[in-house]
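K.L.:
One structure is given below, represented as structure tokens, and several questions about it will come after.
The values are calculated or read from the model by the stated rules, or taken from the named source; none is laboratory data. These numbers come from a predicted model, not from an experiment. Ideal geometry is used to build each Cβ from the backbone, glycine not excepted, and the neighbour counts take in all protein chains shown.
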């Protein structure tokens, strides 16, 4: 028997003994892959005067995220624009954000935003007992009349009364993104006085196409801002040798960023220097990390937390050496083999014998997206675990090998003029704006101060 062909039915009996009609129970909730997000209107727009040119999501936590702005390509004059395969904006879990539309000189249109929180297709309504409070997947709108017969007056999603010429608006109130981290589909709609996520079809004030409607879909990655980066081992190191004394990042565009560890830090298994040290690089460029350390017979590993959700690491399927996840470079690893006699670096160079003793860290590419990332540099033996080796495969663990983990900030900036960043013992006194420009006297706004994102009020 094929279980996929089994269906259940609810049988309802007619009180007067009429014909019984079996009714199939509803199908289970579809997975995201099963959902058809195609709106009611597709193809070419019939009006040439109302366009979404740009969509911007403003997030305080990710103010420097370039992906949070979409420039819509209207060359093909499409009323439905699906950017879910190429655009993923970013916000912190439960954060209050704002979406802004640029529609050029267009007027007499409204804007609507939806987040498919349940990943089962977009829904929209107004909360029971309210004239304006959005419900379902509707999270913000600029004007709606709550289903009234006329469109002479209404509200925005914050409850502001709107009438007259003020109805010509795409100004969207702020809203809260989901509390649960994950990636969600977002829909932004240009329409008139209608919350239907598929586009106005009721014909009351003209429909979606007649009014020059447009829909843009993209993805939103919601990140839990309470990530605990503390590794497994945080005590005093057992080794008096193999001390990391300095870290250096060499950027072709920005020169050398360097962080010096004092004697106390050299004896710590974990040094959190994200408030003290910021290394600077240009988008997508190849950089080199140098770990200055005494002693020998150790390896080094570099991680970049791309999604601000904690460090991950792996080796690509079908490869013995290609790093995946947040692992971007390493000097030696055996790809999980039972022996540490042979292995590779992250470029696939075979390493064996005495060459395993403190080999160089290969260069790697930093993220293409401008922004601030957490960078982890780990000293360990033949282990890519970003928390430190704990499996005792080779007669020891992170602590036994003289392991050490140091976290710093990586500022990916397309601004030139940052030539060198140095710090020691928490004495770094550097202030940058979110474009990577050094600032002497910050005014109101968000800045990177001593490597930490700070809101100056």
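K.L.:
Looking only at region 66-88, decide whether some residue is in contact with a helix residue (DSSP H, G or I) (Cβ under 7 Å, 6 or more places away or on another chain) and at negative phi. Quick ask: steps written out before the conclusion?
P.N.:
So in region 66-88, the residues in contact with a helix residue (DSSP H, G or I) (Cβ under 7 Å, 6 or more places away or on another chain) come out as 87-88.
Filter once more, keeping what is at negative phi: 87-88.
Yes - at least one qualifying residue is present in region 66-88.
K.L.:
Does region 52-64 contain any residue that is farther than 25 Å from residue 413 by Cα, touching a residue at least 24 places away in the same chain (Cβ under 8 Å) and surrounded by 19 or more Cβ atoms within 10 Å (Cβ to Cβ)?
P.N.:
Within region 52-64, the subset farther than 25 Å from residue 413 by Cα is 52-53.
Okay, now just the ones that are also touching a residue at least 24 places away in the same chain (Cβ under 8 Å), so 52-53.
Retained after the next criterion (residues that are surrounded by 19 or more Cβ atoms within 10 Å (Cβ to Cβ)): 52.
Checking region 52-64: at least one residue is farther than 25 Å from residue 413 by Cα, touching a residue at least 24 places away in the same chain (Cβ under 8 Å) and surrounded by 19 or more Cβ atoms within 10 Å (Cβ to Cβ).
K.L.:
Please go through region 202-217 and pick out each residue that is over 16 Å from residue 43 (Cβ atoms) and not in a loop (DSSP other than H, G, I, E, B). Give the derivation first.
P.N.:
Going residue by residue through region 202-217, those that are over 16 Å from residue 43 (Cβ atoms) are 202-206.
Scanning region 202-217 gives 204, 206.
K.L.:
Scan 134, 173 and give me the residue that is farther than 19 Å from residue 207 by Cα and touching a strand residue (DSSP E or B) at 6+ places or on another chain (Cβ under 6 Å).
P.N.:
Values: 134 fails: touching a strand residue (DSSP E or B) at 6+ places or on another chain (Cβ under 6 Å).
Step by step, each of 134, 173 is checked, and only 173 is farther than 19 Å from residue 207 by Cα and touching a strand residue (DSSP E or B) at 6+ places or on another chain (Cβ under 6 Å).
K.L.:
Looking only at region 139-173, which residues are part of a helix (DSSP H, G or I) and touching a residue at least 24 places away in the same chain (Cβ under 8 Å)? Working first, answer last.
P.N.:
Applying the first criterion (part of a helix (DSSP H, G or I)) to region 139-173 yields 164-167.
Listed by number, the list holds a single entry, 167.
K.L.:
Next question, about the same structure. Limited to region 174-208, what total is found for residues that are free of Cβ contacts under 8 Å to residues at least 60 places away in the same chain and closer than 30 Å to residue 92 by Cβ?
P.N.:
1
K.L.:
Also, quick follow-up: Kindly provide the set of residues from region 339-357 that are farther than 16 Å from residue 385 by Cα and either part of a loop (DSSP other than H, G, I, E, B) or not assigned by TED's automatic domain parsing to the domain that holds residue 379 (or both), ordered by number.
P.N.:
Within region 339-357, 339, 341, 347, 348, 349, 357 meet the criteria.
K.L.:
Please find, within region 49-71, the residue that is modelled with the highest pLDDT out of those that are within 24 Å of residue 367 (Cβ to Cβ) and in a loop (DSSP other than H, G, I, E, B). Spell out the reasoning first.
P.N.:
First pass over region 49-71, keeping only residues within 24 Å of residue 367 (Cβ to Cβ): 54-71.
Pick out the ones that are also in a loop (DSSP other than H, G, I, E, B) and you get 59-65.
Details: 59: 94, 60: 89, 61: 83, 62: 84, 63: 83, 64: 75, 65: 79.
If we take residues in region 49-71 being within 24 Å of residue 367 (Cβ to Cβ) and in a loop (DSSP other than H, G, I, E, B), then 59 is modelled with the highest pLDDT.
K.L.:
Which condition breaks for residue 129 when tested against (1) out of contact with any helix residue (DSSP H, G or I) (no Cβ under 9 Å at 6 or more places or on another chain); (2) part of a loop (DSSP other than H, G, I, E, B); (3) under 19 Å from residue 38 (Cβ atoms)?
P.N.:
(3)
K.L.:
While we're on this one: Going through 370, 408, 412 one at a time, which residue ends up being surrounded by 23 or more Cβ atoms within 10 Å (Cβ to Cβ) and either touching a helix residue (DSSP H, G or I) at 6+ places or on another chain (Cβ under 9 Å) or modelled with pLDDT under 95 (or both)? If you could, list the steps in order and put the result at the bottom.
P.N.:
Details: 370 fails: surrounded by 23 or more Cβ atoms within 10 Å (Cβ to Cβ); 408 fails: either touching a helix residue (DSSP H, G or I) at 6+ places or on another chain (Cβ under 9 Å) or modelled with pLDDT under 95 (or both).
Result: 412 is the single residue among 370, 408, 412 that is surrounded by 23 or more Cβ atoms within 10 Å (Cβ to Cβ) and either touching a helix residue (DSSP H, G or I) at 6+ places or on another chain (Cβ under 9 Å) or modelled with pLDDT under 95 (or both).
K.L.:
Is it the case that some residue within region 206-222 is surrounded by fewer than 17 Cβ atoms within 10 Å (Cβ to Cβ) and under 30 Å from residue 354 (Cβ atoms)?
P.N.:
Checking region 206-222: not a single residue is surrounded by fewer than 17 Cβ atoms within 10 Å (Cβ to Cβ) and under 30 Å from residue 354 (Cβ atoms).
K.L.:
Out of (1) free of Cβ contacts under 8 Å to residues at least 24 places away in the same chain; (2) crowded, with 16+ Cβ neighbours inside 10 Å; (3) closer than 23 Å to residue 68 by Cα, the odd one out for residue 136 is which?
P.N.:
(3)
K.L.:
When the residues of region 346-358 are narrowed to those that are at pLDDT 95 or above and touching a strand residue (DSSP E or B) at 6+ places or on another chain (Cβ under 8 Å), which ends up nearest to residue 314 (Cα to Cα)?
P.N.:
Only one residue fits best here, namely 346.
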